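One structure is given here, and the rest of the page talks about it.
Only the coordinates and a few stated rules stand behind these numbers; no lab work does. Being a predicted model, the structure only gives us computed values, none of them experimental. Cβ sites come from the backbone with ideal geometry, for glycine too, and all protein chains shown count toward neighbours.
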Amino acid sequence: MAERPSALPPAKQGSTAVPDNDNHTRRIHDEAAAIARQSAYIRDLVARSCEILKQPVPDTFLGRRTHEPFPREPSSSPEDER
């Protein structure tokens, strides 16, 4: 039976099977840190969005009267009532 070729070259004595182990570990650490930053940003964004959604919907109808107008004082001349 013939020996099957391996995708990785045989490991040398005293070395690890993964080449550039420090570089690989650093890349994993950098990716994990980036994911943590993105997760924190998304959590903050969702929290701010929830606060905005809790606020009442603004009323944009300009003709709506939400308060009573101030009462006018009676005047003696008809021109003052305009």
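Listed from fewest to most Cβ neighbours within 10 Å, the set Val57, Val46 follows the order Val57, Val46.
Quick one: length gained pulling Ala40 to Thr66 fully straight, 0.36 nm per residue minus the C-alpha distance? Write out the running numbers ahead of the final one.
Values: separation 26, 0.36 × 26 = 9.36 nm, distance 4.14 nm.
Taking 0.36 nm per residue and subtracting the Cα distance, the gain is 5.2 nm.
Our coupling estimate for the range 38-49, obtained by passing each phi through the Karplus curve with A = 6.51, B = -1.76, C = 1.60 and θ = phi - 60°, is 5, 5, 5, 4, 5, 4, 5, 5, 5, 5, 5, 5 Hz, Gly and Pro reported as x.
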